[in-house]
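The structure appears below as structure tokens.
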Protein chains: 2
Amino acid sequence: MGRGYVHGYDPRENERLQDQAGTLVELLHWDTSYPGGSSVLEAGCGVGAQTLTLARNSPEARFTCVDLSEVSLAQARRRVAAAGLTNVQFQNADILALPYEAGSFDHVFVCFVLEHLRRPVEALRALGTALRPGGTITVIEGDHGSAYFHPDSEAAREAIRCLVELQRAAGGNAMIGRELHPLLTTAGLSEVHVSPRMVYVDSSKPDLVDGFTKKTFTAMIEGVRESALEAGIVGPEVFDRGVRDLYATAGSNGVFCYTFFKAVANRGWA
Amino acid sequence: MGRGYVHGYDPRENERLQDQAGTLVELLHWDTSYPGGSSVLEAGCGVGAQTLTLARNSPEARFTCVDLSEVSLAQARRRVAAAGLTNVQFQNADILALPYEAGSFDHVFVCFVLEHLRRPVEALRALGTALRPGGTITVIEGDHGSAYFHPDSEAAREAIRCLVELQRAAGGNAMIGRELHPLLTTAGLSEVHVSPRMVYVDSSKPDLVDGFTKKTFTAMIEGVRESALEAGIVGPEVFDRGVRDLYATAGSNGVFCYTFFKAVANRGWA
């Protein structure tokens, strides 16, 4: 599952994930909070980019955060400790082989994880089983096919396609956001409600120009340059032009659009 | 300007425009209303699809609605009369040669019009001139490059590309929505604020599945079949498969996404 993780585990990547959470935290998380005393499973917490927000927004809830990577978990532990948060515990675990009894959690939260999984429906079924009857699951995913911009650029679209292809080759799906409704429904979850969270960036929003267009999205595309060239799916000229054109959408006449999808569903009472 | 209007003027097309306004009226118009006594210019009113909503939402404002086509204006007049609305007058006029003194209007409204114009910035300048100092302009446009869906389909994307190309050949721009901020800024308008209005449709929203995915978007693509085949930009197999695939996004596992852009700006006080 984790071996094909396309974004890698290096420090700059972690910084990008952190930038991302910092810039998008309002958009994605304003409506995520859990009642005092409730137990929440965060599946695939990685380096804890979302964990800090979750634990801060719901200080009286108890979070169990699992990930496949011990390296990531060590970082997540350090950050949670540095933030003085005491309502989080971490565990090394695989979503498809969770070390918890069925019905152990009141809520499940999973963010930017399904996109990397070969069998997302199976993962959702496993997470559903971890929920008590009536418990909720919240899923957040991006969709790289939702990116469009001005000035439009074929090279930029090619560079984005590289990330989509690399992620597909690694068993994932970089355009999974749009599929959340059918995926959760197929996994047997009930009352699936999907809410798209569109990031619209023009020059009147300098914080998003810098924090999203440049440092989140374009930096992410730039980050797969070596892998894309090694895989032979693009030439260096086209890729580099694509990245330059993406940066150009952060110019004074530029516009950048991207949509995240947030789904909430529940296990049902049956 | 109007000669290349890609959607044509036939009755079924009018019905589609009406369906569209009926389904999207909340999304696009909930925040459009004008104070009593104010004078509003609707530029390019067509058959009055938006006019009814405007005039109903602001019963004490006075609307002057202009269009190039006498045939469309006649229909718009009939519909406004049938609806019992008395705060609307119509005039045959060209946006680029408006028969009004500069500064004649408190507000300007223009919806699904710029996409068909060869020189949208020039049109916006002309509309800005029609505004009194401090008057506002509201612009709504779609963006066919914002359409994505599940199941994804190359043929469906090809069919959409046909409409984009035909509209470009006619001098228009079917992906103009994303450009509203730079266009209005370039036209010298002030305090440009763009608000994207995303239509997200999954099977939990049967009214939108029917009213938007099928009867608005897919019907619009289907409507250019003959023109696309005549223009030789697609073969009938690919186009027909594309349309079938678009209808498939209205199925129980389907999802359809599209974004309209609404911009509000003002003339400034200089």
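The values are calculated or read from the model by the stated rules, or taken from the named source; none is laboratory data. Computed from a predicted structure; not experimentally measured. Glycine also receives a Cβ, built like all others from the backbone with ideal geometry; neighbour counts cover every protein chain displayed.
Listed values, structure above:
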quantity	calculated
Close pairs from segment B:188-202: first within 9 Å of chain A (Cβ to nearest Cβ) and in contact (Cβ under 8 Å) with a residue 40 or more places away in the chain, partner of a type in the set (Lys, Arg) and part of a strand (DSSP E or B), Cβ under 7 Å, at least 6 apart	B:Ser195/B:Lys262
Contacts under 8 angstrom Cβ, first residue in segment B:89-105 being in contact (Cβ under 8 Å) with a residue 24 or more places away in the chain, partner surrounded by fewer than 12 Cβ atoms within 10 Å (Cβ to Cβ) and of a type in the set (D, E, K, R), 6 or more apart	B:Asn92/B:Glu70
Residue match in segment B:139-158 (condition: closer than 18 Å to B:Ala187 by Cβ and among the aliphatic types (A, V, I, L, M))	yes
Verdict on B:Glu26 being out of contact with any strand residue (DSSP E or B) (no Cβ under 8 Å at 6 or more places or on another chain) and part of a loop (DSSP other than H, G, I, E, B)	no
Complete set of residues in segment B:253-270 that are surrounded by fewer than 20 Cβ atoms within 10 Å (Cβ to Cβ) and within 17 Å of A:Ala263 (Cα to Cα)	B:Asn253
Qualifying residue in segment B:65-84 (condition: within 25 Å of B:Arg197 (Cα to Cα) and not hydroxyl-bearing (Ser, Thr, Tyr))	yes
Residue within segment B:147-167 that is of a type in the set (Asp, Glu) and in contact with a Leu (Cβ under 7 Å, 6 or more places away or on another chain) present	no
Residues of segment B:46-65 satisfying the condition of being assigned to a helix (DSSP H, G or I), farther than 21 Å from B:Tyr100 by Cα and of a type outside the set (A, V, I, L, M, F, W, C)	B:Thr53, B:Arg56, B:Asn57
Lone unmet requirement of (1) more than 9 Å from chain A (Cβ to nearest Cβ); (2) touching a Ser or Thr at 6+ places or on another chain (Cβ under 9 Å) for B:Pro182	(1)
Test set (1) in contact (Cβ under 8 Å) with a residue 24 or more places away in the chain; (2) surrounded by fewer than 21 Cβ atoms within 10 Å (Cβ to Cβ); (3) more than 21 Å from B:Val234 (Cα to Cα); (4) not β-branched (Val, Ile, Thr) - B:Gly171 fails condition number	(3)
Any chance A:Glu70 is modelled with pLDDT of 95 or more and either surrounded by fewer than 24 Cβ atoms within 10 Å (Cβ to Cβ) or in contact with a Pro (Cβ under 7 Å, 6 or more places away or on another chain) (or both)	yes
Options A:Glu154, A:Glu141, A:Glu158; residue that is more than 26 Å from A:Pro236 (Cβ to Cβ) and either acidic (Asp, Glu) or surrounded by 23 or more Cβ atoms within 10 Å (Cβ to Cβ) (or both)	A:Glu141
The lone exception for B:Ala126 - which of (1) free of Cβ contacts under 8 Å to residues at least 60 places away in the same chain; (2) aliphatic (A, V, I, L, M); (3) crowded, with 22+ Cβ neighbours inside 10 Å; (4) away from chain A (no Cβ under 14 Å) it fails	(3)
Residue selected from segment B:203-224 under the condition within 12 Å of chain A (Cβ to nearest Cβ) and in contact (Cβ under 8 Å) with a residue 12 or more places away in the chain, by the criterion nearest to B:Phe260 (Cα to Cα)	B:Val209
Residue list for segment A:114-128, restricted to those being under 11 Å from A:Ile176 (Cβ atoms) and of a type outside the set (A, V, I, L, M, F, W, C)	A:Glu115, A:His116, A:Pro120
Hits in segment A:178-217 (condition: farther than 22 Å from B:Ala250 by Cβ, charged (D, E, K, R) and out of contact with any Asp or Glu (no Cβ under 9 Å at 6 or more places or on another chain))	A:Arg197, A:Asp202, A:Lys205, A:Asp207, A:Asp210, A:Lys214
Which numbered condition A:Ala250 fails, given (1) under 21 Å from B:Phe149 (Cβ atoms); (2) of a type outside the set (S, T, N, Q); (3) within 14 Å of chain B (Cβ to nearest Cβ)	(1)
Looking only at segment B:160-179, and only at residues there that are of a type in the set (Val, Ile, Thr) and closer than 18 Å to B:Gly223 by Cβ, the one that is nearest to the other protein chains (Cβ to nearest Cβ)	B:Val164
All positions within segment A:133-159 that are of a type in the set (Ser, Thr, Tyr) and at the interface with chain B (Cβ under 10 Å from one of its Cβ atoms)	A:Ser146, A:Tyr148
Qualifying position, being under 20 Å from B:Thr216 (Cα atoms) and at pLDDT 95 or above, among B:Gly37, B:Gly46	B:Gly46
Leading residue by the ranking (surrounded by the fewest Cβ atoms within 10 Å (Cβ to Cβ)) among those in segment A:92-109 that are touching a helix residue (DSSP H, G or I) at 6+ places or on another chain (Cβ under 9 Å) and closer than 26 Å to A:Asp31 by Cα	A:Gly103
Pick from segment A:131-159, criterion of a type outside the set (D, E, K, R) and out of contact with any Lys or Arg (no Cβ under 9 Å at 6 or more places or on another chain), ranking: farthest from A:Gly254 (Cα to Cα)	A:Gly142
